[in-house]
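A.B. asks: Next up is a structure, given as structure tokens.
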Amino acid sequence: MARDSKCWVSLLVVVGCFSTITHAQVLVRSSCPNVTVVSDFNLDQYLGKWFANRNYYVRSQAGVDCITVEYTQSGEEIAFKHEGIQQVTRRKTTSIGRARLIQPGKLVVSYTDELPAKSANANYLVIGTDYKSYSVVWNCYELGPISSRIAWVLTREQQPSISTIDKVYAVLKRNGLDSGKLRLVNQKNCTRR
């Protein structure tokens, strides 16, 4: 009987890992770290266009360059549009979704037409921003003994200054996050067919 229980637990962990792996992740054999969100977060200043500068691996963005995201107010919710250019075909990719601010610096984001119930957990944590040059966004899911971690660095300029990136690394360091796992997003030659 104990062997059957271990098999089921192992299967659940594998299924949970696969489900998360299909979206984005850096898998770590520990629980999610405690991070500090921007407590005086100002949504109005955050709205507008951002360029993806670097992030942890994101499967949905693999093979895509020139990624941007634009946030606009849509009633009680925030509408967003991700755009990029496929590396091979040079064709534009677009995905849209909705978000809702549930606490300062904490949002619930969904790529579907409907957001989860109001009591949903935040899956988009703004852990650092000055609104005019950079934003650092974090998400982490625990899957038994491991955690799946996602980090994005957004910048207002397509080619940000070194001082802007230094601010980003300071936010990551302050929160004890691994900056070595970040992958630079190509923002050059952003023309499409």
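The values are calculated or read from the model by the stated rules, or taken from the named source; none is laboratory data. Remember, it's a predicted structure, so these values are computed and weren't measured experimentally. Every residue, glycine among them, receives a Cβ derived from its backbone with ideal geometry; neighbour counts consider all protein chains shown. With ligands, DNA and RNA removed, areas are computed over all heavy atoms of the protein, side chains included. Shrake-Rupley method; radii C 1.70, N 1.55, O 1.52, S 1.80 Å.
A.B. asks: Taking the residues in the range 162-193 that are among the β-branched types (Val, Ile, Thr) and loosely packed, with under 10 Cβ neighbours inside 10 Å as candidates, determine which candidate is nearest to Thr36 (Cα to Cα).
C.D. replies: Among those residues, the one meeting the criterion is Ile162.
A.B. asks: Can you give me the number of residues within the range 128-165 that are among the acidic types (Asp, Glu), more than 14 Å from Val185 (Cβ to Cβ) and at pLDDT 95 or above?
C.D. replies: 1
A.B. asks: Sticking with this structure for a sec: Which residue pairs have Cβ atoms under 8 Å apart, sit 6 or more places apart or on different chains, and have a first residue in the range 163-182 that is under 16 Å from Cys140 (Cα atoms) and a second that is open to solvent by 60 Å² or more (accessible area, probe 1.4 Å)?
C.D. replies: Leu172/Asp178; Asn175/Thr36; Ser179/Tyr169; Ser179/Lys173; Lys181/Tyr57
A.B. asks: Turning to a different aspect of this structure: Determine which member of the set Asp166, Asp130 is in contact with a Lys or Arg (Cβ under 8 Å, 6 or more places away or on another chain) and not aromatic (Phe, Trp, Tyr).
C.D. replies: Step by step, each of Asp166, Asp130 is checked, and only Asp130 is in contact with a Lys or Arg (Cβ under 8 Å, 6 or more places away or on another chain) and not aromatic (Phe, Trp, Tyr).
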